[in-house]
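The values are calculated or read from the model by the stated rules, or taken from the named source; none is laboratory data. What you see is a predicted model, and the numbers here were worked out from it, not measured in a lab. Virtual Cβ from ideal backbone geometry, glycine too; neighbours counted across all protein chains shown.
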Amino acid sequence: MDLMEIKNSGILELYVIGDLSEKERLEVEEAAANYPEILEEITEIEMALESYAFANASEVDPTAKPMLLAGINYTDRIQNGEIPVIPPTLSSNSKLSEFSVWLDRTDLQEPDEYDSMCGRIIGSNEEKTTMIIWLKEGAPPEVHTDEIEKFLIVEGSCEITIGSKVHALQTGDFLEIPLHISHSVKVTSPTRCKIILERHAA
């Protein structure tokens, strides 16, 4: 193929996205070594794809990574012999002392380093998941359509906004989030807020 045929064939785009056979890939790299125009075209395609990716990127939920890591940590603990125990269900009558078996465990303490949020699952089954979470600043707005979320504040303080109503919470306070209403969390204490969080199917 001559230069124009190579440029118009689409093979360079396939090269950039890694969708060529080994033989085709070597042919493109040989052409790029012999023709500076081909190398320049490959660079332009890479830059165009990168610009397109940035322009169309969706914002990642900042809670997704901490929740995923908490799940991995819990799975590892179970595989290493931890016997699953389901914590008491959170309610307005819940006391922090009911969770001391988990709050006092050395392997469930706050890590030295994490971004804005970290969590450790203390119990999980098909009905509910209960975890200890640490928030440095808060959590962005979200809406639950199929699970009830409950909070019991362990340390620090925060404001949980549900719709337009702000709930100021301190150590020992409980709050349940209704379905289908946006809610967000803002830490108001000088240090991070430590919370027992329960999510169960609606």
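Do we find a residue being in contact with a Ser or Thr (Cβ under 8 Å, 6 or more places away or on another chain), in contact (Cβ under 8 Å) with a residue 12 or more places away in the chain and closer than 16 Å to residue 199 by Cβ anywhere in the range 89-111? Yes, some residue in the range 89-111 is in contact with a Ser or Thr (Cβ under 8 Å, 6 or more places away or on another chain), in contact (Cβ under 8 Å) with a residue 12 or more places away in the chain and closer than 16 Å to residue 199 by Cβ. The criterion of being touching a Phe, Trp or Tyr at 6+ places or on another chain (Cβ under 7 Å) and not hydroxyl-bearing (Ser, Thr, Tyr) holds for residue 121. Within the range 175-202, the set of residues being among the hydroxyl-bearing types (Ser, Thr, Tyr) and either closer than 21 Å to residue 123 by Cα or not in a strand (DSSP E or B) (or both) comprises 182, 188, 189, 191. Among the residues of the range 5-25 satisfying the criterion of being hydrophobic (A, V, I, L, M, F, W, C) and not in a helix (DSSP H, G or I), which is farthest from the chain's Cα centre (by Cα)? Selected residue: 20.
Filtered by the rule that a residue be in a strand (DSSP E or B) and either more than 22 Å from the chain's Cα centre (by Cα) or charged (D, E, K, R) (or both), the range 155-169 gives 155, 159, 165, 166, 167, 168, 169. Per the listing 53, 48, 57, the residue uniquely in a loop (DSSP other than H, G, I, E, B) and over 30 Å from residue 191 (Cβ atoms) is 57. Checking the range 74-82 against the condition returns no match, with no residue being closer than 24 Å to residue 171 by Cβ and in the same structural domain as residue 181 (by TED's automatic domain parsing).
Within the range 130-154, the set of residues being assigned to a strand (DSSP E or B) and surrounded by fewer than 20 Cβ atoms within 10 Å (Cβ to Cβ) comprises 138, 140, 141, 142, 147, 148, 149, 154. If you filter the range 69-123 down to residues that are among the charged types (D, E, K, R) and under 20 Å from residue 149 (Cβ atoms), you find that the one that is surrounded by the fewest Cβ atoms within 10 Å (Cβ to Cβ) is 95. Restrict the check to the range 26-37 and report whether at least one residue is in a helix (DSSP H, G or I), closer than 30 Å to residue 148 by Cβ and of a type outside the set (Ser, Thr, Tyr). There is no residue in the range 26-37 that is in a helix (DSSP H, G or I), closer than 30 Å to residue 148 by Cβ and of a type outside the set (Ser, Thr, Tyr).
The lone criterion from (1) modelled with pLDDT of 95 or more; (2) outside any loop (DSSP other than H, G, I, E, B); (3) under 17 Å from residue 91 (Cβ atoms) left unmet by residue 172 is number (2).
Within the range 125-169, the set of residues being more than 19 Å from residue 64 (Cα to Cα) and either of a type in the set (Asp, Glu) or not assigned by TED's automatic domain parsing to the domain that holds residue 104 (or both) comprises 126, 127, 155, 159.
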